[in-house]
């Protein structure tokens with residue numbers, strides 16, 4: 001038989017076995033590399049148990065970061081998580097958690113956020129990626145699209161929460177990311193960061209509303225939000241710098257509205273049937 005090594009093994013069979021072995025090692029390698037962040041896992045049952053599984057953690061590797069940021073080692077000791085204001089409904093392992101405080105502000109359930117760096121997401125040339133149009137002056141709203149600036153924002157209860165004063169755009173992917181809302185009845189200076197010299201003006205309390213959770217009317221440009229009530233806009237997390245948003249602030253702002261999808265009204269936490 002041409003190519004036969006013995007009467008039972010030939011080159012094609014060896015190539016098949018070699019491919020199987022290569023693919024197995026590749027899967028194990030990728031699974032091991034996937035444990036560079038987020039491991040060891042935490043367990044609700046025993047806080048001191050090291051949950052890693054097989055294969056073990058990879059060797060520590062240094063990653064060079066862009067824009068002059070400090071290099072990052074991985075795996076590494078992750079920063080401490082915030083204390084979750086929730087307790088198990090009963091003493092059984094894996095039971096559901098029930099909020100013990102204000103679930104929309106305490107990071108519980110759909111309102112949870114991750115610990116992320118307090119730096120803005122950057123473009124390839126080192127500029128903050130998500131900024132208001134008062135900073136990104138080369139952006140404009142297409143004349144065929146509704147412009148919500150100056151229009152009212154209504155919560156799920158139909159009450160007016162405020163007015164849109166600016167649009168926050170993504171410089172890397174030209175699109176609107178947030179609406180900046182001046183809240184009705186909640187007066188606070190926005191330029192309250194020490195040494196801040198920006199373009200935002202003092203006035204009504206300003207918060208961000210993710211565009212994906214807003215519905216802009218094509219007729220009159222008004223904005224409606226189903227995630228939270230008008231009164232809840234008073235507690236939306238604010239920004240340290242009114243002209244840019246950090247990665248951590250993005251998580252917390254979006255998490256607040258996410259928490260409202262379940263906790264904004266008592267009825268939302270109840271079963272449908």
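Per-residue ellipticity at 222 nm for the chain, helices alone: DSSP H runs ≥ 4 residues times -39500 (n - 2.57), over residue total, nearest 500 deg cm²/dmol?
-5000 deg cm²/dmol
Taking neighbour counts of Cβ atoms within 10 Å as a proxy for exposure, in what order, fewest first, do 121, 243, 102 appear?
By the 10 Å Cβ count, ascending: 102, 121, 243.
What percent of all Cα-Cα pairs in the chain falls in each 10 Å bin, counting up from 0?
Over the chain, the share of Cα pairs per 10 Å bin runs 6, 20, 25, 20, 15, 7, 4, 2, 1 percent.
In degrees from 0 to 90, rounded to the nearest 10, what is the angle of the helix 247-263 Cα long axis to the longest principal axis of the chain?
In the chain, helix 247-263 runs at an angle near 80 degrees to the longest axis.
What FRET efficiency, computed as 1/(1 + (r/R0)^6) with R0 = 22 Å and r the Cβ-Cβ distance, is obtained for residue 224 and residue 143, rounded to the nearest 0.05?
Using R0 = 22 Å, I get an efficiency of 0.45.
Mind sorting 160, 144 by how few other Cβ atoms lie within 10 Å of their own Cβ, fewest first?
With the sparsest Cβ surroundings first, the list reads 144, 160.
What is the order of 169, 176, 49, 119, fewest Cβ neighbours within 10 Å to most?
Going from sparsest to densest Cβ surroundings: 49, 119, 176, 169.
Report the Cα centroid-to-centroid distance between segment 54-74 and segment 107-121 in angstrom, as an integer.
21
Express the relative contact order of segment 109-268 as a whole percentage, based on alpha carbon pairs under 8 Å and six or more residues apart in sequence.
Once normalised by length, the contact order is 30 percent.
What does the extension gain come out to for residue 172 and residue 9, with contour length at 0.36 nm per residue minus their alpha carbon separation?
Extending this stretch completely gives an extra 53.1 nm.
Please provide three numbers in whole Å: the alpha-carbon extents of segment 199-273 along the principal axes, with the largest listed first.
50, 34, 21
Considering Cα pairs under 8 angstrom that are at least six residues apart, work out the relative contact order of the chain and quote it in whole percent.
16 percent.
Going by a ≥ b ≥ c, the root eigenvalues of the Cα gyration tensor, does segment 109-268 fall in the rounded group (a/c under 1.5), the prolate group (a/b larger than b/c) or the oblate group?
Taking the square roots of the gyration eigenvalues as a ≥ b ≥ c, segment 109-268 is rounded.
Measure nothing but the geometry: give the 0 to 90° angle between the long axis through the Cα atoms of 11-33 and the longest principal axis through the Cα atoms of the chain, rounded to 10°.
Between helix and principal axis, roughly 40 degrees.
Test of understanding: what is the full-extension gain from residue 118 to residue 33, defined as 0.36 nm times their sequence separation minus their Cα-Cα distance?
Contour length minus Cα-Cα distance gives 28.0 nm.
If you build a Gaussian network model of the chain, linking Cα atoms that sit under 10 Å apart, which residue out of 217, 227, 71 swings the most?
Result: 71 has the largest fluctuation of those listed.
Can you give the FRET efficiency for residue 43 and residue 268, using 1/(1 + (r/R0)^6), R0 = 22 Å, r = Cβ-Cβ distance, to the nearest 0.05?
0.15
Applying 1/(1 + (r/R0)^6) with R0 = 30 Å to the Cβ-Cβ distance of residue 74 and residue 16, what FRET efficiency is obtained, to the nearest 0.05?
With R0 = 30 Å, the Cβ-Cβ based efficiency is 0.25.
Looking at the chain as a GNM with Cα springs under 10 Å, which of 236, 51, 207 has the largest mean-square fluctuation?
51
Tell me, in nm to one decimal, what length is gained between residue 57 and residue 151 on full extension, where the rule is 0.36 nm per residue of separation less the Cα-Cα distance?
That pair, residue 57 and residue 151, stretches by 28.6 nm at full extension.
Go ahead and set up a Gaussian network model of the chain, Cα springs under 10 Å, then flag whichever of 43, 238, 212 fluctuates most.
Maximum fluctuation in the GNM of the chain, among the listed residues, is at 43.
Per Stokes-Einstein, at 25 °C and 0.890 mPa s, what whole-number D in µm² s⁻¹ belongs to segment 43-186, with the Kirkwood radius over Cα pairs as the hydrodynamic radius?
Once the numbers are plugged in, D ends up at 121 µm²/s.
Just so you know, all these numbers are worked out from the coordinates, no wet-lab data involved. None of these values were measured; they are calculated from a predicted model. Heads up, the Cβs are rebuilt from the backbone with ideal geometry, glycines too, and the neighbour counts pull from every protein chain shown.
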